[in-house]
1. Name every residue in region 139-170 that is outside any helix (DSSP H, G or I) and not basic (K, R), in order of residue number.
2. Scan region 226-245 and give yes if some residue there is under 47 Å from the mean Cα position of the chain (by Cα) and in contact (Cβ under 8 Å) with a residue 40 or more places away in the chain, otherwise no.
3. Taking A117, is it modelled with pLDDT of 90 or more and surrounded by 10 or more Cβ atoms within 10 Å (Cβ to Cβ)?
4. Of the conditions (1) exposed (fewer than 10 other Cβ atoms within 10 Å of the Cβ); (2) within 30 Å of Q228 (Cβ to Cβ), Y147 fails just one. Which one is it?
5. For residues in region 171-184 being in a helix (DSSP H, G or I) and surrounded by fewer than 10 Cβ atoms within 10 Å (Cβ to Cβ), which is modelled with the lowest pLDDT?
6. Restricting to region 166-183, give me the number of residues that are of a type in the set (S, T, Y) and within 28 Å of K242 (Cα to Cα).
Amino acid sequence: MIFEEDLIARRPKPVYKNRETILNLIPQDEPEHPPVEKYTSQYDPHVYAKKKTMGTMGPPKYDVSTQDFQRIKDRTLPPRQKFDYTQDVPLRDRVPLRDEVPIHGLRTKTNYIRTNAAAVIAQPAKQDSHKEVHYSTVRGFGERPQYLDRVQREIEEENAIKNEIKTQRAYQDYLAAQQPERMTEAERQELLAGLKKRWDEIKKTYGQMPLFIDVESMKLNREEMERQMSEIENDMEKLSKKKVYVEKF
């Protein structure tokens, strides 16, 4: 038999760690975690390797042969030779000795102002080497400069390009003007109303004429009314469409 006390004991206890409550003072049972398997190397840790990569502490655990270091390079030096200059290097001035005192207080009685003035006066006069040039005798005097021809040619080429651009723009404007333009809905309705009104007026006048006409002028008038009514009907049929395009003249 299962008693009520056993059911209460088996019921999981609520955890109130996420919010502050007086029930947090009740000691909670810590959950049991399964043991984790640790990593174990497949090599025996008590056996030293033959050569350690970073073994710098303590004596080496393997045999070291000194014969391997004697055959790497021959340690004998070449014979000594006396150094000699291969080029003639100019020697510097001799350094004065400590008991050699330089001469001080040397003065001269030469008047350099008078000496320079006398040298200038004694010089011969300079000859003017500049020759007068008569430009009227120069080759090409009075002729049109060549750079003016080049400038004139550039101006003509520029004007030709401008005229070509103007011609192309005028032709494009002409083509744009020749393209038909779509009539707006208001214009279409206005034209339809005007044609309908005109057709009613002609129809009213046409209906007042007699059936049998013997006069030639009345026959011509009747035929003219029929022609106008036919043209108006054709125009109304064209304007009855939703999209109507009109050519510009």
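The values are calculated or read from the model by the stated rules, or taken from the named source; none is laboratory data. Since this is a predicted model, take the numbers as computed values, not measurements. Quick reminder, even Gly has a Cβ in these numbers, built from the backbone with ideal geometry, and neighbours come from all protein chains shown.
1. Within region 139-170, G140, F141, G142, E143, P145 qualify.
2. yes
3. For A117, the condition - modelled with pLDDT of 90 or more and surrounded by 10 or more Cβ atoms within 10 Å (Cβ to Cβ) - is met.
4. (2)
5. Out of the qualifying residues, it is A176.
6. So the answer is 1.
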